[in-house]
Every structure is written in structure tokens, then in C-alpha cells.
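Novice: Please read through the structure below; I'll follow up with questions.
The values are calculated or read from the model by the stated rules, or taken from the named source; none is laboratory data. Being a predicted model, the structure only gives us computed values, none of them experimental. Using ideal geometry, Cβ is built from the backbone for each residue, glycine included, and neighbour counts are taken over all protein chains shown.
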Amino acid sequence: MNLPNKITVGRIGLTFVMVGFLTVVIPFGKTLALLTFGLAGVSDWLDGVLARRNGQVSVFGQLMDPLADKILVSAAFVSFTAIHQIVPAWIVITIISREFLITGLRLLAGQKGHVLPAGNWGKHKMIWQTITIVVIMLGLALQEDILPLVLHGAEGVNFMDMFNIYFSKTAMFLSLVVGALTVVSGAIYLWDSRDLYGIQA
């Protein structure tokens, strides 16, 4: 259990902290959730840098690092569903199902002596998932923690009404983009790996 692997395991712990901040009503909880997600992102970068620099790349790290990322992302989207259905449940189910399928496919490939690298569509999917999580968390932080402190009176109420409308529309648009990329990237991954489970072109 070297330092990069400890950081990876710590990222899973940060996931539970983030979910707590998102779903439990506490002062500045949404802002703290955003900061926790940012810290988890830094840890993802740091464990990779340390592992390569110190020659500590391990089988455990190669397995757990992407798994920790999937747990973090899935937990964020599940939390968004729990918070007033900001992200529709069917999109979250699609995201989690895709990750289960691809992880199972990677395990199948490993048993046959193959390594399945991440494809470009999968990378785009991950980028848009991250963008969506950050935008929604930032919107929640503004909506619940920051704007109520600085807005007052009728003008403040009107501004919050407009903010809520645009925030909802933006969250829905990004969620649909993520849902589409999740389906497309998963389908391409399954098709490109069809030889592993006996489907011929």
C-alpha cells in the first residue's frame, strides 16, 4: 500500500464526505461539496504523478484508480437525483449501467490476456461528466449558500426566480449531453470489443 494507492483509497473516502455535504442540510454544505469534489480531482492527478515519478505503478492502482473515479462520479449523479431530481433518474441509471458493463468487459478481457484502453468517446464522456458535476455543484452553491446572503428584497426574489429557471434548464441540457455520450461511448466500446464475447462483424 504505497502513497499513490493510499491517495486513491482516500479519494473513495472523499466521495462519502462529498455526498454528505450534498444531501445533508448544513450551512454552506453545497459549497463544501464542490470543494471536496475539487480536492478529489486533485488527488486523482496527484496519485498518477507520484506513481509514475516514483516507479510505484501497481496492479492495485491500475484497478482502483479508475474504479475510484467511477464511484466518485456515480455518487455525485445519484446525489443530484436525490436533490429535487436535478438530474433525471433514468440518466443516472444509464451512467451506472454503462460503467458496470464496461468494467465487466475489462475483466473479461483481462481473463483472456487483453487490455482494453480508454477510447476517445469514453474520454469525452468523462470530460462532460466532470463539467456537468462542477456546473451543477456551483449552481447549487450559488442557489443555496451564496446568493441568499447577498440578495435582498423584491429584486433579489426576482433574480433568484430567474436564476432557478436558467439553472434548471442548464442542468437538464448538460444531463442530456452526458446521457447521450454515455450511450454512444458504451455502444462503441461494446462493438469494438465484440470479438471478446463471440459476436462477428
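Novice: Given the condition crowded, with 18+ Cβ neighbours inside 10 Å, acidic (Asp, Glu), touching a Pro at 6+ places or on another chain (Cβ under 9 Å) and modelled with pLDDT under 90, answer yes or no: does some residue in the stretch 65-88 qualify?
Specialist: Yes.
Novice: Mind checking which pairs have a first residue in the stretch 63-90 that is without any contact (Cβ under 8 Å) to a residue 40 or more places away in the chain and a second that is surrounded by fewer than 15 Cβ atoms within 10 Å (Cβ to Cβ) and not in a loop (DSSP other than H, G, I, E, B), Cβ under 8 Å, 6 or more apart or different chains?
Specialist: From residues that are without any contact (Cβ under 8 Å) to a residue 40 or more places away in the chain, the pairs are Leu67/Thr103; Lys70/Thr103; Thr81/Ala89.
Novice: Specify the residue that is modelled with the lowest pLDDT; the eligible residues are those in the stretch 37-48 that are surrounded by fewer than 21 Cβ atoms within 10 Å (Cβ to Cβ) and of a type outside the set (Gly, Ala, Ser).
Specialist: Asp44
Novice: Quick check on Ala141: is it closer than 19 Å to Val92 by Cα, small (Gly, Ala, Ser), at pLDDT 90 or above and assigned to a helix (DSSP H, G or I)?
Specialist: Considered against the rule, which asks whether it is closer than 19 Å to Val92 by Cα, small (Gly, Ala, Ser), at pLDDT 90 or above and assigned to a helix (DSSP H, G or I), Ala141 comes out as no.
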